[in-house]
Amino acid sequence: MTKIYIVPKIVNLPARKGKRTILGILQNLSRHGYCTLGEAFNRLDFSSAIQDIRRFNYVVKLLQLIAKSQLTSLSGAAQKNYFNILDKIVRKVLEDQYNPRLIKDLLQDLSSTLCSLIRGVGKSVLVGNINIWICRLETILLWQQQLSNLQMTKQVNNGLTLSDLPLHMLNNILYRFSDGWDIITLGQVTPTLYMLSEDRQLWKKLCQYHFTEKQFCRHLILSEKGLIDWKLMYFALKKYYPIKEQYGDTLHFCRHCSILFWKDTGHPCTASDPDSCFMPVSPQHFIDLFKF
């Protein structure tokens, strides 16, 4: 039986903010001790956040972005915190079998970055002893092996399964996915789901959700019958353009109080109209806050 995770109140994040906006936010954050990425990373409780399914994907995406470009900017304490959180994420995935593909992508990016940094030691600023980084790389390789050996356990019960649902409900589930790989993965569960996952209209809707008509025209892919292959189009367009990000919960910045907080948790804002002061902060926006 395949687990179905229901994530309420999906948050669609806006485009990245301009440099002037980011500098203004960073100036306000510095008053509360968020002067660097490492300080913000240490002060925000990401260890607890990963236990909340609504925040899990957000934190993993943030760690992936740090792995790609910001690893060398972390202090020794922030590095330790980073890898402690990563260890908890891997343990959670191995225990709960939740979204292993996401953490596999993160570890792949992290191992590539570490290999490059270790090979170029002396050419780049690598905070900490080289032997510590080699040990971390070995740990990452071990995690990757454990995830590769991960076997999805079958639930032993007589409850309702995906196979028992009517076609229109299965189709409705597929249309709620915003990630093409999730559609492909679910399509591997049963022959019926595979048939539904190959529907041209499904992939067309997915492309229309993430990309513009102008972007379609630049990368048209036709099938042998002369029809647009929307499935191939989706994966081709992903290489050139960013897709819309969706999270169950996301960090927000309060312009009135100058603090970061989780939207679902909120904070006791003293503004007369608090909602007008709140601004969503995507993982990339979070990284950008500390680049200047």
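Give me the one-decimal nm value for the distance between modelled label points at ASP229 and ILE173, 7 Å along each residue's Cα-to-Cβ direction.
Label-label distance for ASP229 and ILE173, simple model: 2.8 nm.
Anything over 24 Å Cα to Cα? Flag those among LYS88/LYS205; LYS204/LYS239; LYS104/LYS205; LYS68/LYS104; LYS104/LYS204, in the order listed.
Correct reply: LYS88/LYS205; LYS104/LYS205; LYS104/LYS204.
Which ³J(HN,Hα) values in Hz, rounded to whole numbers, follow from the phi angles of the stretch 136-143 under the Karplus curve 6.51 cos²θ - 1.76 cosθ + 1.60, where θ = phi - 60° and Gly and Pro get x?
After applying 6.51 cos²θ - 1.76 cosθ + 1.60, I find 5, 5, 4, 5, 4, 4, 5, 4 Hz.
What residues have an amide H closer than 5 Å to that of TYR247, excluding those fewer than 5 places away on the same chain, when H is modeled at 1.01 Å from N in the peptide plane?
Long-range HN contacts for TYR247: VAL11.
Relative contact order for the stretch 179-240 using alpha-carbon pairs under 8 Å, separation at least 6, rounded to a whole percent?
So the answer I get is 30 percent.
Could you bin all the Cα-Cα distances of the stretch 179-240 into 10 Å bins starting at 0 and give me the percent of pairs in each, rounded to whole numbers?
22, 53, 23, 2
Can you list residues from other chains, or at least 5 along the same chain, whose modelled amide H is less than 5 Å from the amide H of ASP229?
Placed amide hydrogens put ILE221, LEU222, SER223 under 5 Å from ASP229.
Taken together, the values in this text are just the output of simple stated rules run on the coordinates, not laboratory data. Because the structure is a prediction, the values reported are computed rather than measured. Neighbour counts are summed over all protein chains in view; Cβ atoms, including those assigned to glycine, are modelled from backbone coordinates with ideal geometry.
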